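So the structure is just underneath, and the comments pick up after that.
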Amino acid sequence: MLYIGIDLGTSSVKLLLMDAAGNVKNIVSREYPLYFPNPGWSEQKPEDWYKETMQGLKELLEGFPKEEVAGISFGGQMHGLVILDDKDEVIRPAILWNDGRTTEECDYLNNEIGKETLSEYTANISFTGFTAPKILWVKNKEPENFARIKKIMLPKDYLAYKLTGEHCTDVSDASGMLLLDVKNRCWSKEMCEICGITTDMLPKLYESYECVGTVLPEIAKELGLSENVKVAAGAGDNAAAAVATGTVGDGKCNISLGTSGTIFISSAKFGVDKHNALHAFCDANGAYHLMGCMLSAASCNKWWMDEIIGTKDYKKEQEAITKLGENHVYYLPYLMGERSPYNNPNARATFIGMTMDTTRADMTQAVLEGVAFALRDSFEVAKTLGIPIERTKICGGGAKSPLWKKIIANVLNIKVDVLETEEGPSLGGAMLAAVACGEYKNVESAAAAIVKVVDTVEPDPELAAKYEARYQQFKNIYPACKDLFDKII
């Protein structure tokens, strides 16, 4: 049988076709626009997601036996607010995960409702990217739209609705809404009251590997599929990527170098970092995970290469970098503000340390190292919880760079396992579909059968020591700049 994974990303939707053994048969990507109506705002049109997904499905299946497709599932950009009216029509463009407009609402939630109260209700505090403050923003700034809300959903769930007619979500993605009682895997009635909504406005909750329905007859006809094709709930992009990298079970780690950057640590038990610097979420395996999320990771390198240097030859630029651990230039990777561990939408990207002998290669190296140092910020929080992490998997577009993997291995001073297939959330979605269809007993057995490590990047003691000294300098830069960031916004 064949299984489809749909990764609804920020810049494009990536669709993957996988057979029962986990072999990738085809991959298709379709781009759609990203809108910035005001500085710090970030929106997309859900209709664009659906249009490009349907076109992508047609391209994906061309030349393959469509009758063998048994299941579809998702990985998706988290936290985005999609609101529908009583006719299930989209009310306004979706407000995305990297949107920073909700500073006032976050201040209200964290300071007036209180961080301790939020943590008690949801295991997390409010961040500007989360869904609950977006709901409050619509309530405060667009009351006419707020009054029309019948259903609230997340980006990938809009696709699930369009394919099945079901209003559904999964617990991993819902964990990032600040509306879920994460420990008990149910909606928080208290948070709904705070946001002025009711639980019936929210979609039905599922585990990521559970079937939410089958494709609608008209969808099946348009795509040439059986009406018996099952659709599983899927997972937030990082939880789906964790499935694809085999980061399921207790104490395993994955780093994702996508548009955003994350460090993901799976845990059999529920736990909360006392400062809420890391997110405490449900995972796609029926358990929990801790996650540190930085808003700009590989996107920092893309910005530097495309917009500043003006080149698409990323590999050539990195070939000029030869002196690791000795760079005197530092870069704070806060192009869209920052989430973990600082929770500061006013933070900004910053270069510091340039001199007359600074080269283009130094600047490029600083960008790569700055992302690695920022990942370590979250890594350090995890270590304070007593979680021993000796190795990590890695995925995402940035993981295709051998140099960046070497930098990360030495900045974090851990082994970095390289996978045979680095397809991230799209592969994770296909694996969840296979579990939903009974191809595998559970997510762990699917990961054990499908995920293969083909190389390990080991830290070099001498280089790791150099980066240790550099990190000790790096971690002083944000505190020194924090007040300035607040003043220049």
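If you check 117, 53 for being assigned to a helix (DSSP H, G or I), among the polar types (S, T, N, Q) and under 20 Å from the mean Cα position of the chain (by Cα), only one passes: 53. Please work out which residue is nearest to the chain's Cα centre (by Cα), limiting yourself to the range 168-208 and to residues that are among the hydrophobic types (A, V, I, L, M, F, W, C) and over 23 Å from residue 290 (Cα atoms). The residue in question is 168.
Evaluating residue 250 against the criteria (1) assigned to a loop (DSSP other than H, G, I, E, B); (2) closer than 19 Å to residue 444 by Cα; (3) touching a residue at least 40 places away in the same chain (Cβ under 8 Å) leaves one unmet condition, (3).
If you go through the range 86-96 and keep only what is in contact with a Pro (Cβ under 7 Å, 6 or more places away or on another chain) and surrounded by fewer than 20 Cβ atoms within 10 Å (Cβ to Cβ), you end up with just 90.
Any chance you could count how many residues in the range 449-476 are among the aliphatic types (A, V, I, L, M) and more than 26 Å from the chain's Cα centre (by Cα)?
Of the residues in that region, 4 qualify.
When the range 324-355 is filtered for residues that are surrounded by 21 or more Cβ atoms within 10 Å (Cβ to Cβ) and among the hydrophobic types (A, V, I, L, M, F, W, C), the ones remaining, listed by number, are 332, 336, 347. Among the criteria (1) surrounded by fewer than 24 Cβ atoms within 10 Å (Cβ to Cβ); (2) within 24 Å of the chain's Cα centre (by Cα); (3) of a type in the set (D, E, K, R), the one residue 237 does not fulfil is (1). Note on the range 1-23: residues that are surrounded by fewer than 19 Cβ atoms within 10 Å (Cβ to Cβ) and within 22 Å of the chain's Cα centre (by Cα) total 2. Can you find a residue in the range 64-85 that is within 25 Å of residue 443 (Cα to Cα), buried (at least 24 other Cβ atoms within 10 Å of the Cβ) and without any contact (Cβ under 8 Å) to a residue 60 or more places away in the chain? No, the range 64-85 contains no residue that is within 25 Å of residue 443 (Cα to Cα), buried (at least 24 other Cβ atoms within 10 Å of the Cβ) and without any contact (Cβ under 8 Å) to a residue 60 or more places away in the chain. Looking at the range 433-441, can you tell me whether even one residue there is acidic (Asp, Glu), outside any loop (DSSP other than H, G, I, E, B), surrounded by fewer than 24 Cβ atoms within 10 Å (Cβ to Cβ) and on the phi < 0 side of the Ramachandran plot? Checked against the condition, which is being acidic (Asp, Glu), outside any loop (DSSP other than H, G, I, E, B), surrounded by fewer than 24 Cβ atoms within 10 Å (Cβ to Cβ) and on the phi < 0 side of the Ramachandran plot, the range 433-441 yields no hits at all. Can you list the strands (runs of 3 or more DSSP E) lying wholly within the range 139-243 that have 2 or more residues being free of Cβ contacts under 8 Å to residues at least 60 places away in the same chain and assigned by TED's automatic domain parsing to the domain that holds residue 109? The strands (runs of 3 or more DSSP E) meeting that bar are 204-206, 211-214.
Within the range 393-417, residues that are closer than 12 Å to residue 465 by Cα and assigned to a loop (DSSP other than H, G, I, E, B) reach partners that are at pLDDT 95 or above and not charged (D, E, K, R) with beta carbons closer than 8 Å, at six or more positions or on different chains, in the pairs 413/459; 413/464; 413/467.
The values are calculated or read from the model by the stated rules, or taken from the named source; none is laboratory data. Computed from a predicted model, the values in this text were never measured in an experiment. Positions of Cβ are backbone-derived with ideal geometry, glycine not excepted, and every protein chain shown enters the neighbour counts.
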